[in-house]
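The next block holds one structure in the form of structure tokens; read it before the comments.
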Amino acid sequence: MTQNIDRTPALGETGERGGRVLIVTAVEAEKAAIMRGLGDADGIDVITAGVGPAAAAAETAAALAGSPGRYRFVLSAGIGGGFEARAAIGSLVVSSEIIAADLGAETPDGFLSVDELGFGSAAAAVSAEWSRRLHDAILSAGLPVCAGPVATVSTATGSAESAAALAKRIPGAAAEGMEGYGVAVAAMKRGVPAAELRAISNAVGPRDRAAWRIGDALSALEAASQALREVFLP
Ligand SMILES: O=C(O)c1cccc(C(=O)CC[C@H]2O[C@@H](n3cnc4c(=O)[nH]cnc43)[C@H](O)[C@@H]2O)c1
């Protein structure tokens, strides 16, 4: 289930695709942080799609369908939960994989993924080359960053048991968000490479709203976006 897939065309293999980058956030505060970091960078569109994989997929699909050939890369970006010992609050995670972690069936013996059910794949295509370039640019800027699987969930994890089960199911899981799989599937269906960036606001585990550091995560997202200018600009 956690196998890395890179079915999308390689970086530079733009074919008929245009030169712009599409960044999809869930909420306005994430968009604003990214725009502050990007400054007056041309060639990048940042949109707010709403919370959850369905809204993310619908808005991404609409943006790509509305301007066929306009985009060469799509990034799902926002704040997220970090898995213990992988991603601390205020750090950044770049996707090596994007996994729909709760897409499947519950059985008396545990969770079965759609892969195990034979209904497709819970892993959306991630561009390994784009992910590497994003990771390296953020690292070069001196920001704390790791590359790892990012889980997409419809219900944010809220207990130690669920966090442990997820970490077991997705070896090396680094972050959790609610939109990446939707964005990546919409991009994949249009043949546009995609990846995900999460700035960590909270630990994945027992719900503790008072411990969330949304301001720190938004500052990290802004700093990462500044570092990514050189990657995105033609
Ligand atoms: O009030 C709560 O307990 C609560 C729990 C989980 C998520 C929320 C949100 O309002 C955040 C939704 C928004 O932020 C991303 N996000 C941030 N941290 C996590 C997480 O640990 N697990 C899943 N998603 C997270 C998410 O992508 C949404 O866009 C409130």
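The values are calculated or read from the model by the stated rules, or taken from the named source; none is laboratory data. Here the structure is a predicted model, which means the values were calculated and not measured. With ideal geometry, Cβ positions are generated from the backbone for all residues, glycine too; neighbour counts draw on all protein chains shown. The accessibility values were calculated without ligands, DNA or RNA, using every heavy atom of the protein model including side chains. Shrake-Rupley method; radii C 1.70, N 1.55, O 1.52, S 1.80 Å.
With the convex hull drawn over the C-alpha atoms of the chain, the volume per residue is 107 Å³.
Among residues other than Ser113 whose Cβ falls under 12 Å from its Cβ, what is the net charge (Lys/Arg +1, Asp/Glu -1)?
Values: positive: Arg169; negative: Asp102, Glu106, Asp115, Glu116.
Once all neighbours under 12 Å are counted, the net charge is -3.
Annotation for region 70-175: chymotrypsin sites (Phe, Trp or Tyr not before Pro) lying in DSSP loop with at most 14 further Cβ atoms inside 10 Å of their Cβ are Phe119.
Per-residue ellipticity at 222 nm for the chain, helices alone: DSSP H runs ≥ 4 residues times -39500 (n - 2.57), over residue total, nearest 500 deg cm²/dmol?
Numbers: 7 runs with 81 residues, N = 234.
That calculation yields -10500 deg cm²/dmol at 222 nm.
Spin-label model, Lys168 to Val51: label points 7 Å out along the Cα-to-beta-carbon direction sit 2.9 nm apart.
Protein heavy-atom accessible surface, 1.4 Å probe, per residue over the chain: 43 Å². For region 163-206, the alpha carbon positions stretch 37, 22, 14 Å along the principal axes, listed from largest to smallest. The simple spin-label model puts a point 7 Å past each Cα toward its Cβ; for Arg70 and Arg213 those points are separated by 3.7 nm. Using a probe radius of 1.4 angstrom, the carbon and sulfur fraction of the accessible surface of region 17-227 is 54%.
If eta is 1.306 mPa s and T is 10 °C, what Stokes-Einstein diffusion coefficient results for region 127-234, Kirkwood Rh from Cα pairs, in µm²/s?
Working: Rh = 15.1 Å.
My calculation gives 105 µm²/s for D.
Restricting region 151-234 to trypsin sites (Lys or Arg not before Pro) that sit in a DSSP loop and have at most 12 other Cβ atoms within 10 Å of their own Cβ leaves Arg207.
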